[in-house]
Number of protein chains: 4
Amino acid sequence: MNELRNGIHRLGLRIYFEDTDAGGIVYHANYLRYAERARSEALRTLGAPHAEMIATHHRMFVVRRANIDYERPARLDDWLVVTTRVLAIGAAQVTLDQTIWRDDVALVRIDLGLACIDAVSQRAARLPAPMRAALERMRVGGIADGPGAVEGT
Amino acid sequence: MNELRNGIHRLGLRIYFEDTDAGGIVYHANYLRYAERARSEALRTLGAPHAEMIATHHRMFVVRRANIDYERPARLDDWLVVTTRVLAIGAAQVTLDQTIWRDDVALVRIDLGLACIDAVSQRAARLPAPMRAALERMRVGGIADGPGAVEGT
Amino acid sequence: MNELRNGIHRLGLRIYFEDTDAGGIVYHANYLRYAERARSEALRTLGAPHAEMIATHHRMFVVRRANIDYERPARLDDWLVVTTRVLAIGAAQVTLDQTIWRDDVALVRIDLGLACIDAVSQRAARLPAPMRAALERMRVGGIADGPGAVEGT
Amino acid sequence: MNELRNGIHRLGLRIYFEDTDAGGIVYHANYLRYAERARSEALRTLGAPHAEMIATHHRMFVVRRANIDYERPARLDDWLVVTTRVLAIGAAQVTLDQTIWRDDVALVRIDLGLACIDAVSQRAARLPAPMRAALERMRVGGIADGPGAVEGT
């Protein structure tokens, strides 16, 4: 599953041994990896993959802030879905809601702030217009009340 | 792509920022992760996922030996395919050939030895008959001369 | 550097290729790893390592919440220091301030909430008295205004 | 522990939750990380850290081959030592023996081949003379028969 519908991007992923720790659950830092995979796929789906963003626009995203709530653990062999929604778009930053689900249960919720920077100077830089337009398509107002949710609208 | 055909399992995967290092290429240890993902999916495809192997048969696989040849580097945004073939099946061990491809180019080749162990005592233990039968299906004699290769046979 | 002084634990660590990504900086999820290393070493310094906590008290810590501010990036070969302070201790939870420094510059600040759980049932469980006493020693009121800071008090 | 004695470099490291998997042991790919940490520290000890090698000599090392024997598993809280010895130095490559120990027991043995490449063209390039001289100091003929071994000579 890797799709954009009603302003919500969904990426499915499997949990392997590499994702888990000796506590028998997914190591807590790894959810940030899944969120990053989902952002990468969302941008690709929107026609704006990293490589092009760097090559054409000389811009990159960096994470400025992440507020993570761990509600329930994921385990080996689980199939998870990451939903990604754009909450706000500024001149040089983007705020996202990314939630990681198993079936209809939210396991981890991430409120994430990205900054757009110049790939060379590493300084804050305005979002290129095509990037902004792409991201706007993920801000239709969908509400992620479940990983496969929200028909209609 | 996650399929078993002609005795060869193929798993497709994307390269994200988490996979790369400051050299601009995939960090060399991570190919072992992709190989392990591929083995997990191959077992699942064969109807013998880890969780069941542990719960029903009280057996696990551990890696005993890995000989890795790094021929070419993978990079951010690459789409790779891991092919997995069973070379030999012993009483308590399995030898695999796992190759990681980008298009028709082999990037990394791994010759891997697994041991079957008892999940509690952690000692070498015979392969359960259903596991052995499943693995035999990956030993049809297919030759991985490319990631999407081998029609017919 | 791995020491507890004036209620602040400090752990030094080096940045290797494994820590970085193709952007040339430390991959953002990895700071949670460094924070976890620091907590592990702090507990060991306090005489309460994970293994004993599990074996003797049948308790584990899990991360319930992490609020991360990324202020400046770390890079290959950097020597970083993680400071850990206990902000609050509840019946079954602990709140920590963990900051990652390069020289006197704060790179990443993490406000972290841990829950104490029963190692078997995985349910919330009271902090064992020796654990609580140990953690109290990290709550002397020290202020981490720098990685090597705060003589006296 | 981070020292070069009698041609053998030794690096000590602790196993944290991030290193382990749901099997309760260290995830097999991670030993390659420890070997890379040890090589980085060995080069630093020899006065030739990565950053300088890139900035001054425009050269990097990449792994070309790794043959890994997993003899015994490491576990949470273990203190391990990585020994690194140079077996052979060619015009543009280096062969190393890296072994990971717990006390006097070898857990994992890695026979590793590095290639020296131009940092820009990524093509094979001769080892700079100062690098070669530094590496020669790790080829005194010491035999790693234990992690703290070999007094005298």
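Assorted remarks:
- Looking only at residues in the stretch A:51-88 that are basic (Lys, Arg) and not in a strand (DSSP E or B), the one that is farthest from B:ILE54 (Cα to Cα) is A:ARG72.
- Of all residues in the stretch D:51-61, exactly one satisfies the criterion of being within 7 Å of another protein chain (Cβ to nearest Cβ) and in contact (Cβ under 8 Å) with a residue 24 or more places away in the chain, namely D:MET60.
- You will find that of A:ILE117, A:ILE89, the residue that is hydrophobic (A, V, I, L, M, F, W, C), closer than 15 Å to A:ARG39 by Cα and either in contact with an Asp or Glu (Cβ under 8 Å, 6 or more places away or on another chain) or surrounded by 15 or more Cβ atoms within 10 Å (Cβ to Cβ) (or both) is A:ILE89 and no other.
- Checked against (1) under 22 Å from C:LEU114 (Cβ atoms); (2) of a type outside the set (Phe, Trp, Tyr); (3) within 14 Å of chain B (Cβ to nearest Cβ); (4) assigned to a helix (DSSP H, G or I), C:GLU18 meets all criteria but (1).
- Entry remark, the stretch A:50-75: residues being more than 15 Å from B:PHE17 (Cβ to Cβ) and of a type in the set (Gly, Ala, Ser) number 2 in total.
- Residue match in the stretch B:51-66 (condition: farther than 26 Å from A:ASN30 by Cα and among the β-branched types (Val, Ile, Thr)): yes
- Boolean, C:THR83 is more than 17 Å from C:ASP118 (Cα to Cα), among the polar types (S, T, N, Q), in contact with a Ser or Thr (Cβ under 6 Å, 6 or more places away or on another chain) and away from every other protein chain (no Cβ under 13 Å): yes
- Taken together, C:ILE143, C:ILE117, C:ILE89, C:ILE100 contain a single residue that is modelled with pLDDT of 85 or more and over 26 Å from C:HIS57 (Cβ atoms), which is C:ILE100.
- Subset of the stretch A:51-78 that is modelled with pLDDT under 95 and acidic (Asp, Glu) - its residue that is surrounded by the fewest Cβ atoms within 10 Å (Cβ to Cβ): A:GLU52
- Which listed residue is surrounded by 21 or more Cβ atoms within 10 Å (Cβ to Cβ) and under 21 Å from B:ALA51 (Cα atoms), from A:TYR34, A:TYR27: A:TYR27
- Selected residue (only one of B:ALA106, B:ALA35, B:ALA48 is more than 14 Å from chain C (Cβ to nearest Cβ), modelled with pLDDT of 95 or more and outside any strand (DSSP E or B)): B:ALA35
The values are calculated or read from the model by the stated rules, or taken from the named source; none is laboratory data. This one's a predicted model, so the numbers in the text were calculated from it and none came from an experiment. Please note: Cβ atoms are built from the backbone with ideal geometry, for glycine as well, and neighbour counts cover all protein chains shown.
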